[in-house]
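Only one structure is covered here, and it is reproduced in the block below.
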Amino acid sequence: MPVLTTDAESETGIPKSLSNEPPSETMEEIEHTCPQPRLTLTAPAPFADETSCQCQAPHEKLTIAQARLGTPVDRPVRVYADGIFDLFHSGHARALMQAKTLFPNSYLLVGVCSDDLTHKFKGFTVMNEAERYEALRHCRYVDEVIRDAPWTLTPEFLEKHKIDFVAHDDIPYSSAGSDDVYKHIKEAGMFVPTQRTEGISTSDIITRIVRDYDVYARRNLQRGYTAKELNVSFINEKKYRFQNQVDKMKEKVKNVEERSKEFVNRVEEKSHDLIQKWEEKSREFIGNFLELFGPDGAWKQMFQERSSRMLQALSPKQSPVKKEGFLSETPKVSERPRRVGVPRPRAPRGHHFSVRCHVLYPGP
C-alpha cells in the first residue's frame, strides 16, 4: 500500500497528510518493503545482516492501541526481544511466543548478546554465542535473529532496525550501572511487558547440575568421556568408576530379586490352582466313595442281593407230601414234634427198629 510522506506532523504525532487538513506540500508515494513474517517453517530464521530492512518508506510511530487494532495494514508491526538465551528452554520459548502474539501482524526480531558482552555484564555461559544464535534461529516464533545485540538499546539501534516495540518482562533489570536498562524504552511508550514462566530458568538448570555434579560426572564417565574432559581428578575418577560398578551390581541384584519375586508369584498361583483342583477332586472322590460304600450305597445293595442268592442256592428245596388228595410240603426237621419223656434208643448196627413212644416216629 502506498504511503504519503510529508515533512511535518500534526500535534498528535499523526502525519498531516492523514489528518483532516489538506496537505500543503508535494507528496511522494513510496511503498513499504519491510520483510514479512515467516509463513512456513521449512528453514531457520535468517540473520539480520542477511535480510536487513531496506525499506525507504517513512516508518511512522505507532501506539500500542493502534498496533492492537491491526494498523498499519501495509506492513507488520516490528517487535524486538533480546536476551542471552543460554541453555534455551521452554521459558525462553514461551516469552518469545508472547512477544510474537502481542499484535495481529507481528514481525519478531530477537537480539542475542555476544560472549564478550555477556561475560562482562552477567557471567560465564554454558553455550557459546554461535550455539545460542542457532538455538534462536530454530525457534518457530522468531522471524529474524540479530547477532551481537547491544546491552542497552540506543536510538540509533532502534532506528536502524525500524523497531516499533520492545517486549520483555516488566521486572526492572538492573545492569551496567543502571537501575533498569529498559527505563528509557518504557518512558518512550515502546515497552510491552511479557510474563515470566515460573519454575524454569537457566540459573535453575545450572543449579540442578551443580547440585547433582557427582551423578552427572559418573554418567558421562560411563558414556565414554575421559576424566580430563570432565576436569575430574584421578582419585575422583576411580571413586566414580567404583560407584558405577557398585550401581551395576545393585541393578543386577534388583533384577534377580524382581525375577525371583515373579517366579514365586507364579509358583503361588500354580500351587493355589493345584490345591483348588485337588479339593475339587477330593470332594468328588469322597462323594463317589460314599455313593458306593455308604450306608445306602450300591455296594451294600449288591452284597445283599448276592447274599440272598447264595442262601437260596445253599438251602435245599422242600419236598411235597400227599395229604387228602393235596400235595403238601414235608415239614422241616426243625418243625417236627419232639419226643417227650422216653429217649430214643440207638439201634445196633445192621438192625432197624422203631420204639413206640407218645408219638409214633418212623425210623430213619
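The values are calculated or read from the model by the stated rules, or taken from the named source; none is laboratory data. As the structure is a computational prediction, the values presented were derived from the model and not from experiment. Glycine also receives a Cβ, built like all others from the backbone with ideal geometry; neighbour counts cover every protein chain displayed. When the accessible area is computed, the model is the full protein with side chains, heavy atoms only, and any ligands, DNA or RNA have been set aside. Shrake-Rupley method; radii C 1.70, N 1.55, O 1.52, S 1.80 Å.
For the range 91-115, the set of residues classified as among the hydroxyl-bearing types (Ser, Thr, Tyr), open to solvent by less than 10 Å² (accessible area, probe 1.4 Å) and in contact with an Asp or Glu (Cβ under 6 Å, 6 or more places away or on another chain) consists of Tyr107 only. Between Asp179, Asp204, Asp170, the distinction of being among the acidic types (Asp, Glu) and within 24 Å of Met127 (Cα to Cα) belongs to Asp204 only. The residue that is least open to solvent (accessible area, probe 1.4 Å), counting only those in the range 182-206 that are of a type in the set (A, V, I, L, M) and in contact with a helix residue (DSSP H, G or I) (Cβ under 7 Å, 6 or more places away or on another chain), is Val192. All told, Asp179 falls short of being surrounded by fewer than 20 Cβ atoms within 10 Å (Cβ to Cβ), touching a Lys or Arg at 6+ places or on another chain (Cβ under 9 Å) and acidic (Asp, Glu). Within the range 161-170, does at least one residue satisfy the condition of being among the charged types (D, E, K, R), touching a Pro at 6+ places or on another chain (Cβ under 7 Å) and more than 13 Å from Tyr80 (Cα to Cα)? The answer is yes; a qualifying residue exists. Considering only residues in the range 116-155 that are aliphatic (A, V, I, L, M) and over 19 Å from Thr51 (Cα atoms), the one that is surrounded by the most Cβ atoms within 10 Å (Cβ to Cβ) turns out to be Leu153.
Here the range 68-90 is the region considered, the condition is being farther than 15 Å from Gln36 by Cβ and either not hydrophobic (A, V, I, L, M, F, W, C) or not assigned by the TED database to the domain that holds Cys139 (or both), and the residue that is surrounded by the fewest Cβ atoms within 10 Å (Cβ to Cβ) is Ser90. Checked against (1) part of a helix (DSSP H, G or I); (2) open to solvent by 100 Å² or more (accessible area, probe 1.4 Å); (3) of a type in the set (Phe, Trp, Tyr), Tyr225 passes all but a single condition, namely (1).
Residues of the range 103-118 include none that is part of a loop (DSSP other than H, G, I, E, B), touching a residue at least 24 places away in the same chain (Cβ under 8 Å), touching a helix residue (DSSP H, G or I) at 6+ places or on another chain (Cβ under 8 Å) and β-branched (Val, Ile, Thr).
Across the range 167-220, the number of residues qualifying as hydrophobic (A, V, I, L, M, F, W, C) and part of a helix (DSSP H, G or I) comes to 7.
Restricting the first member to the range 231-260 and to residues that are touching a residue at least 12 places away in the same chain (Cβ under 8 Å), and the second to residues that are open to solvent by 90 Å² or more (accessible area, probe 1.4 Å), the beta-carbon pairs closer than 8 Å and six or more apart or on different chains are Asn244/Gln222.
Against the conditions (1) modelled with pLDDT under 95; (2) farther than 20 Å from Ile200 by Cα, Gly123 satisfies every one except (2). Among the residues making up the range 54-102, a single one is among the aromatic types (Phe, Trp, Tyr) and either outside any loop (DSSP other than H, G, I, E, B) or free of Cβ contacts under 8 Å to residues at least 40 places away in the same chain (or both): Tyr80.
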